[in-house]
1. Hey, got the average number of other protein chain Cβ atoms within 10 angstrom for residues in B:98-107?
2. To the nearest 20 Debye, how big is the dipole of the protein assembly as shown about its Cα centre, given +1 on the beta carbon of each Lys and Arg and -1 on that of each Asp and Glu?
3. Which one of B:TRP363, B:VAL695, B:THR680 has its Cα pushed farthest toward the positive end of the charge dipole of the protein assembly as shown, where Lys and Arg give +1 and Asp and Glu give -1 at the Cβ?
4. Helix B:387-406: angle to the longest alpha-carbon principal axis of chain B, degrees 0 to 90, nearest 10?
5. Please work out how much length the chain gains when fully extended from B:ARG507 to B:GLU189, using 0.36 nm per residue of separation minus the C-alpha to C-alpha distance, in nm with one decimal.
6. In terms of modelled amide H atoms, which long-range or inter-chain residues lie less than 5 Å from the amide H of B:ALA574?
7. Longest exposed-loop-site-free stretch of chain B, with GluC sites (Glu not before Pro), DSSP loop and at most 12 other Cβ within 10 Å?
8. Just want the ordering: B:TRP498, A:TRP24, from fewest to most Cβ atoms lying within 10 Å of their own Cβ.
Amino acid sequence: MSLLTFLIPIALGMGAAGLAAFFWAMRNDQFEDLDGAANRILIDEEDEV
Amino acid sequence: MNVLALDATPVVPELQDTRFTVPGIRCAGCIAKIERGLAELDGIESARVNFSAKRVAIRHETRLNEETLGKALRELGFEAQPVLENPLARDDGETRMLLRALAVAGFGMMNIMLLSVSVWSGAGGTTREMFHWLSALIALPTIAYAGRPFFSSALMALRYRRTNMDVPISIGVILATALSVHETIVGAEHAYFDSAVMLLFFLLAGRALDATMRGRTRAGIGALLSSMGRSASVIRPDGATERVAADRLRPGMMMLVAAGEALAADGEVEHGKGAIDNAMLTGESTPEPIAPGSPVHAGAINLFDPLHVRVTAVAGDTAIAEIARLMDEAGQSRSRYVRIADRAARLYAPAVHSLAALAFAGWMLTGAGWHQSLVIAIAVLIITCPCALGLAVPAAQVVASGALIRRGLLVKDGSALERLAEVDIALFDKTGTLTLGSPQPDLSALDDDARAVALGLAQNSCHPFSRGLVDSLRDSGIKPEPIDHVREEGGKGLTGLWNGTEVALERPDGQSAVMAAQLRIGGRCWTLPFSAPLRQDAREALDRLAALGIESRILSGDRSDAVGAVARELGLFARAAASPQDKLAELDRLKQQGHFPLMVGDGLNDGPALAAAHASIAPGTASDVSQQAADAVFIGERLVPVALAVQVARRTMQIVRQNFVLAIGYNALAVPLALLGLVTPMIAAIAMSMSSIIVVGNSLRLARAAR
């Protein structure tokens, strides 16, 4: 029982952290251009030099 | 995509942002080319491409204007149009709101489940009570936040004395929550918080899918729309010019119309001559010559030298506005279409409510007491609540539209797929729909040097022939030769100097050929015959439609000899020289005969017909108005996506019906248990998730439907 007083807040806290991260990502337009992000990995950085 | 637009201006006043829509962005190479190419230019601080929306946001010094930037993009090889405002942002907000609600519901559901599983596996006494209280603590705010889309829509429906899917959902969720709070307070064995939140989670998943699908296609279509003819350069009495938005033009003003620009208002040519491209307005494929005194209409594109046009009619009085008015009226009938989910809800909601009421009454009659009767009635409501039903339609439609996007067809929303499935006769416009929009040259006579010169010349002009030439030469990988002193003379052609030799792309002598141009390099001449070819797979598309039992016809605004040739080649019944009103009348006649017509067209003159037809498809080269009126837009040179659209839409409706049977059937299995008072929150949770998973799994079969 005393364990639960630690475990449950920890579980809730981790879930809430995930939720907060998602909200942050939404607000910062991380989901604006999913296809673009998939394509950008193909761009050769060395070209820029 | 508009981050840059928001945070730049106030901090560094000499920088500003301009956004362009660039439909030609297709691969990672394009992103790199645009971003690096622009960033190298003087005065441009940075450029950021949004690949999904096919947009570029450029942060630059204020001394650069839209035209310079547009030219820079064209020099990189991309057609670009400045984006004036973002009318689509509002709908973006809806998707974001749903995604947030979904995330909150998911968070709530997982944590409550964690607690519920402990209760189901035997936690008792104070532990169970504490877990129920904790669940309540998580569930109440979650439901208050994540349930808003349903509650507000249900309220709206009730206010108009109607019922939709959201009414039983809201009643179910609110009753289940209220009951659980009561059970928690009295310390009873079962609380239904998990069911209520899980219900919201699955339903929100359906809604979010639906919204994402609309958002995805809207981004695609928005990228194709240009800002054509929404503003004009006006010459003020003192001789200076200024940009005036179309709705602030007044009769009597003098517009300066540059080559390639679309007219923003009706008017009369005061000064200058040449030709205009009226294809969008009338469907006529040949440019129309004009001289001082000629009347010109909004939407027409000036092909040659700058024109001075005196405005005669604006906004509400233009020929375009007349077409817009016709479209508005024609679109009315479509907005009355009832989507299948709502039709199902109309049948399902009363059944669910009466079943729950019957359970309550039945148990009261057996003398079970109001508390037990209410618990059973609510259990019935939860079990029959259309959880999988809410997923049945959007899941299938999202998978189907994804499959169609990969084949080059953007379907605007689910209702469009439902209507496409019902069509039984197809009407095609000719120019730009059955045929390719721009005339294609026969280049077989030219060698590589001549091709490069032709491209170098043609890319300076907006004439349909030049554009056709540029398109087909670019496709074959020819690089343009630099040409100096290029001059374009309306009605004659282009001349210039290539390495000191005089070169020209002009109207052939003798005027014998109807559609031809002549390329001259020094003393050598080539004649380039042009034709407006049928789309390569037009035959195949029509055959596929016929195989689906759909008769095809031509309904065109072009001259009858031009239409007749195409009709004979394809063996179709055709009607030529039809005005927008004629097209509407033809559709009405078909509808009255009990047909469900599909309209496929691209011009402004097709707009009303596209809005009036039971379902409609426009090519990606169509006018803005037509793309907005159409249910779906196909991109590229192939016509087969039109037939695919109907085929996939029908398959989707099959899957949707199967989903209904599965969803309702699965819940129906649990109903007797609920009626007998044997349903525990665990059984409700299992029934709900199993039926949802089965429905989603069944819908995924559509991913291969567009093969």
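Nothing in this text is a laboratory measurement; each read-out follows from the coordinates by a stated rule. From a predicted model like this one, the values you see are computed outputs, not experimental measurements. Positions of Cβ are backbone-derived with ideal geometry, glycine not excepted, and every protein chain shown enters the neighbour counts.
1. What the average comes to for B:98-107 is 3.
2. 2740
3. B:TRP363
4. 20
5. Once the chain is fully extended between B:ARG507 and B:GLU189, it gains 105.5 nm.
6. Excluding prolines and chain starts, which carry no amide H, the hits are B:ILE554.
7. B:190-707
8. Fewest-to-most ranking of B:TRP498, A:TRP24: A:TRP24, B:TRP498.
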